[in-house]
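Visitor: Starting off with a structure, shown below.
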Amino acid sequence: MSKIYELMPDIQGEEMLFLQKITEEYSEEKLRRFSGIYRARRKDPTMILLLTLLGFLGLAGVHRFILNQIGMGILYIFTAGLCLIGTIVDVVNYQSLSFNFNRQIGIEVHSLLSSEK
């Protein structure tokens, strides 16, 4: 069993495989630092789903702001979630939306820790 899984057992699937790959060379201390920074910055897919569902209540695009997609968030606000079609697509794809954001965060944290000596 991977050390990263022991530090972050709630992360699963594609995200866990990605994290295992980029942290395979890490020492125990570096892995703990990575885990702390990553957990503070990552977005939970369930939270993204709940925020996406707000689009059906008239608050379309909130999830896009949370995912740092400001332009899409503004577009969703002014078009009512692209006439709800974009909101429906995002409800179906909420896991990939959060994974893409979290993968970028993982790469940033990995770069940050790699630049330190």
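Each value in this text was obtained by applying a stated rule to the coordinates, not by laboratory testing. Computed from a predicted model, the values in this text were never measured in an experiment. Neighbour counts are summed over all protein chains in view; Cβ atoms, including those assigned to glycine, are modelled from backbone coordinates with ideal geometry.
Visitor: Extension gain residue 65-residue 30, at 0.36 nm per residue separation less the Cα-Cα distance, in nm?
Guide: Using 0.36 nm per residue and subtracting the Cα-Cα distance, I get 9.5 nm.
Visitor: Given the C-alpha centroids of segment 51-66 and segment 1-30, what is the distance between them in whole angstrom?
Guide: 30 Å
Visitor: Could you tell me the extents of the chain's C-alpha atoms along the three principal axes, largest first, rounded to whole Å?
Guide: The Cα atoms of the chain stretch 49, 27, 17 Å along their principal axes.
Visitor: Quick check: residue separation of residue 39 and residue 79 times 0.36 nm, minus the Cα distance between them. What number comes out in nm?
Guide: Computed gain between residue 39 and residue 79 is 11.1 nm.
Visitor: With each label point set 7 Å from Cα along the Cα-Cβ vector, what nm distance links residue 6 and residue 57?
Guide: Between residue 6 and residue 57, the simple spin-label model gives 4.1 nm.
Visitor: Along segment 79-84, what does the Karplus equation 6.51 cos²θ - 1.76 cosθ + 1.60 (θ = phi - 60°) give for ³J(HN,Hα), rounded to whole Hz, x for Gly and Pro?
Guide: Along segment 79-84, the couplings run 10, 6, x, 6, 6, 6 Hz.
Visitor: Sequence gap at least 6, Cα distance under 8 Å: using those rules, report the relative contact order of segment 1-114 to the nearest whole percent.
Guide: Value for segment 1-114: 30 percent.
Visitor: Calculate one ³J(HN,Hα) per residue across segment 59-68 by plugging θ = phi - 60° into the Karplus curve 6.51 cos²θ - 1.76 cosθ + 1.60, and present them in order as whole Hz with x for glycine and proline.
Guide: Karplus-based 3J(HN,Hα) across segment 59-68 equals 10, 5, x, 4, 4, 5, 5, 4, 8, 6 Hz.
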